[in-house]
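Working notes, beginning with the structure itself.
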Amino acid sequence: MSPWASVEVRDAVGSTNAELLADPRPWHVLTTDHQVAGRGRLARSWQTPAGMAVALSATVPVPPARTADVGWLPLLTGLAVRDALTALAGPGRAGDVVLKWPNDVLVRTDADRKVCGVLCELAPASSLAVLGMGINVHQGRAELPVETATSLALCGIDVGREEVVLAVLQALAHRHSQWASPSRMPTLVEDYRQACTTLGRRVAITLPTGAVQSGEAVRVDDAGRIVIRTLGRELTHAAGDVVHATLTG
């Protein structure tokens, strides 16, 4: 049974995350045809072209016993989007959609370009979190904001936005239920590690301080942090912007 209590669709909003943070209700979903003031990680902003992409935010419970693991919410959101897009891509394309730590969704068959970004925020003074995402669906190359972006259409995944919303909500409910149950967390963690193409690569990570660190991404730990090996040391980071270099080995 689906846990989603309500799914609201609007023609246009500033930011779906901001709307839900202003009125946090558990299991409430907001999606829009046109997001004009979207927000991303590291204070990035963008517009969602009208009718071309999915801008969606969902409010989920954070049980008191799981507050120590809230760092996994952004990662499980990216994983859920990857699950949904893999299912929509169809047989034979299971490895096409992958993750870049922490939650960028990339498509291998289009040069590892990014098809989805994620922003998760805790609702103030409540036990709720807002999980937000923007998924490029119908855009052509000229309609995308940067050369490193792609869309489902450009990757040969011919689906409507309604199909994307339904698939994502189903996958998101599943991954949240795993996260909410400590006994099921090991499966979630292992599934994330298997989907994360950052591991085993040389990377450069820009930290929140602005410092840049290069090294090999050796693992994602049980807290969802990236572990970088550099100059014989292993350093752990909970946040940062990763750029992939070439595969090791």
Per the chain, sqrt(5λ) over the Cα gyration tensor eigenvalues, sorted largest first, in Å, gives 26, 22, 18
Any residue on another chain or 5+ positions along whose placed amide H is under 5 Å from the amide H of Leu144 is listed here as none
J(HN,Hα) series, region 218-227, from Karplus relation 6.51 cos²θ - 1.76 cosθ + 1.60, nearest Hz, glycine and proline x | 9, 5, 9, 7, 5, 8, x, 8, 8, 10
Determine the gain in length on full extension of the stretch Arg193-Val227; use 0.36 nm per residue of separation and subtract their C-alpha separation, reporting nm with one decimal.
-> 11.0 nm
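Which value, in debye to the nearest 20, describes the size of the charge dipole of region 6-195 about its Cα centre when Lys and Arg Cβ atoms bear +1, Asp and Glu Cβ atoms bear -1, and nothing else is charged?
Details: 17 positive and 19 negative charges, 86 e Å.
The calculated dipole for region 6-195 is roughly 420 debye.
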For the chain, the charge dipole (Cβ of Lys, Arg +1; Cβ of Asp, Glu -1; about the Cα centre) points to a positive end, and the Cα of Gln178, Val118, Ala68 closest to that extreme belongs to Ala68
Calculate one ³J(HN,Hα) per residue across region 104-115 by plugging θ = phi - 60° into the Karplus curve 6.51 cos²θ - 1.76 cosθ + 1.60, and present them in order as whole Hz with x for glycine and proline.
-> 6, 9, 10, 10, 4, 6, 10, 6, 6, 6, 8, 10
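Read-outs throughout are calculated quantities, based only on the coordinates presented, and are distinct from any laboratory measurement. The structure displayed is predicted, hence computed values, not measured ones. All Cβ positions, even for glycine, are placed from backbone atoms using ideal geometry, and neighbour counts span all protein chains on display.
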